[in-house]
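The values are calculated or read from the model by the stated rules, or taken from the named source; none is laboratory data. All figures in this text were calculated on a predicted structure; none of them were measured in a lab. Every residue, glycine among them, receives a Cβ derived from its backbone with ideal geometry; neighbour counts consider all protein chains shown.
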Amino acid sequence: MTSTSISTPLSETRPGAEWWRTAVIYQIYPRSFSDASGDGIGDLPGITSRLDHLASLGVDAVWLSPFFTSPQKDAGYDVADYRDVDPLFGTLADFDDMLEAAHARGIRVIVDLVPNHSSDQHVWFQAALAAAPGSPERARYMFRDGKGEHGELPPNNWESVFGGPAWTRVEDGQWYLHIFDASQPDFDWSNDEVKEEFRGVLRFWLDRGVDGFRVDVAHGLVKAEGLPDYTPPVDGDSMGGEEPVPYWGQEGVHDIWRDWHRVLAEYDGDRALCAEAWLPTVDETALWVRSDEMHQAFNFPYAMSEWDAAELSEVIRESLRAFPAVGAPATWVLSNHDVVRHATRLAMTGHPQGHGVGPKTPGKPDPVAGVRRARAATALMLALPGSAYIYQGEELGLPEAMDLPDDVREDPTWFRTNGERYGRDGCRVPLPWTAADAAFGFSPTGESWLPQPADWTAYAADTLEGDPESTLWLYRSLLATRRSHDLGTGTLEWLEGYGDDVIAVRNGDVTVITNLGTAPVALPKATLLVASTAFEGTELPADTTVWLATD
Ligand code: NOJ
């Protein structure tokens, strides 16, 4: 067993130096990581069997997307039982085994909590459907009478993030709100029963030993009084613009996070809450990580930046101002299960979050150029102080699977927009582990819930293992160097004089230079620590990042 160098016991509390301030956190999307059972869907025993891959990569923690009981209408983000494992993924005992095996390797484990909505198969929602309008059962969700003479029109004009109306009518004529799919009814967070239930869910997983939670739709939950109509500034863009959005970022949501913060503080070991809050600016995002709220928030303005030196520098500067100003670490992320993989995205323009790309998307990027840019972007990201997120498969240089046939798609976005938006399946294709095996070793039977592109032999972990210039070796080297030079705790100094297409910074004793332009850039004389792509000579080629030892 390879072991990472965690220097403090997992249970130790270290105010000001908590692990999550500097951690590199690897996102596991369980259904696509590794399938031990052979049914074509990844599972918890599959994760346990691959933990050495993560230990040798050198990550500090993993975040697992939902594996709870669920009809899988939104790949598990529709939870029917928050306190159990779906049989697709294994059992609670499999979870405990995985947690123990991760902790034995010094890897912390964060699970994904989905409090904005449940599945329509949750006992509470089933009870609400069976109960009458105005009943306590209905009061846990957002049931309303409709508009129009006979209540035949939805209560307001809100659109679901996945397309189509955000309201569905039930048999007795009332409507319920679902900001996402119709199978994902929104809870009413003004209801004390809902609040108490989630405190219990937090404690259930904290008692099992998890190190924290990634909290889904952490800017949702509370809706504006009176549920006023709202039309997004750009059709189909769920994030909003300058106008307040009546279902995102309402003041009352912060009280929930203060409450949850107190629950986590009852436990040892610096447990963490990480906000998934798609907000347009870093300053707004920082409101989620004030000292009595969450601990981290995904930096989506960073993730959504184009491959442009001015835009990226600006968001890095803003992040290093706004997050520390409230006592939180800056975070960095380039890919996850909701966005086009950055090995593809950074070589394209115009990619609204969640819409996806597919066979008919114009301007297919060159995969070689894409992965080169992605490696440079990751090398820049991992040099930045704070905490960084890696999405499974990016260490293999995986591109988005753009050629998935229509009939294998599962993302509700695809169905709710009648195929107008491809959605997110292309970043969720099961990982290739071994080039020579069926399903590239993802499952023992060759089953795979989404088909893997035939050319993924080139990205299989065992192919890359034999190539020191591969993306896998690069990630290992970046993570080891980040750790040995304490880049996570560092501060950034901006270096001038390299031109408009270059980002040049110093973090402690490491100088980091990224060339986002097309012309080569002269490098200072210094020892090379890491290059995102190997090159000859003293000039930094396009789409390349170097880490240099600074005297
Ligand atoms: C955000 C999750 O990341 C996404 O995958 C999911 O579809 C929505 N929230 C709804 O839960």
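Return yes or no: is ARG14 out of contact with any Leu (no Cβ under 8 Å at 6 or more places or on another chain), under 30 Å from ARG290 (Cα atoms), touching a residue at least 40 places away in the same chain (Cβ under 8 Å) and part of a loop (DSSP other than H, G, I, E, B)?
Yes: the conditions hold for ARG14.
Taking segment 130-154 as the range and being farther than 23 Å from TYR230 by Cα, touching a residue at least 40 places away in the same chain (Cβ under 8 Å) and surrounded by 18 or more Cβ atoms within 10 Å (Cβ to Cβ) as the test, only ARG140 passes. So is PRO71 surrounded by fewer than 19 Cβ atoms within 10 Å (Cβ to Cβ), within 16 Å of the ligand (Cβ to nearest atom) and farther than 13 Å from PRO30 by Cα or not? Against the criterion (surrounded by fewer than 19 Cβ atoms within 10 Å (Cβ to Cβ), within 16 Å of the ligand (Cβ to nearest atom) and farther than 13 Å from PRO30 by Cα), PRO71 qualifies. Could you list, in sequence order, the residues of segment 499-515 that are assigned to a strand (DSSP E or B) and either out of contact with any His (no Cβ under 7 Å at 6 or more places or on another chain) or of a type in the set (Ser, Thr, Tyr) (or both)? Once the filter is applied, which keeps residues that are assigned to a strand (DSSP E or B) and either out of contact with any His (no Cβ under 7 Å at 6 or more places or on another chain) or of a type in the set (Ser, Thr, Tyr) (or both), segment 499-515 yields VAL502, ILE503, ALA504, VAL505, ARG506, ASN507, THR511, VAL512, ILE513, THR514, ASN515. Across segment 250-282, what is the number of residues that are free of Cβ contacts under 8 Å to residues at least 60 places away in the same chain, under 16 Å from ALA218 (Cβ atoms) and surrounded by fewer than 20 Cβ atoms within 10 Å (Cβ to Cβ)? So the count comes out to 8.
Restricting attention to segment 48-68, the residues that are closer than 30 Å to PRO468 by Cα and within 12 Å of the ligand (Cβ to nearest atom) total 1. Against the numbered list (1) surrounded by fewer than 21 Cβ atoms within 10 Å (Cβ to Cβ); (2) at pLDDT 95 or above; (3) in contact with a Phe, Trp or Tyr (Cβ under 9 Å, 6 or more places away or on another chain), ASP52 comes up short only at (3). Screening GLY148 against (1) within 16 Å of the ligand (Cβ to nearest atom); (2) at positive phi leaves a single unmet condition, (1). For the criterion of being surrounded by 22 or more Cβ atoms within 10 Å (Cβ to Cβ) and more than 16 Å from the ligand (Cβ to nearest atom), VAL109 passes. Scanning segment 166-185 for residues that are within 14 Å of the ligand (Cβ to nearest atom) and out of contact with any strand residue (DSSP E or B) (no Cβ under 7 Å at 6 or more places or on another chain) yields ASP181, SER183. Within segment 186-211, being within 16 Å of the ligand (Cβ to nearest atom), under 22 Å from the mean Cα position of the chain (by Cα) and surrounded by 24 or more Cβ atoms within 10 Å (Cβ to Cβ) holds for no residue. Just so you know, in segment 410-440 the residues that are of a type in the set (A, V, I, L, M) and part of a loop (DSSP other than H, G, I, E, B) include one that is farthest from the ligand (Cβ to nearest atom), and it is ALA436.
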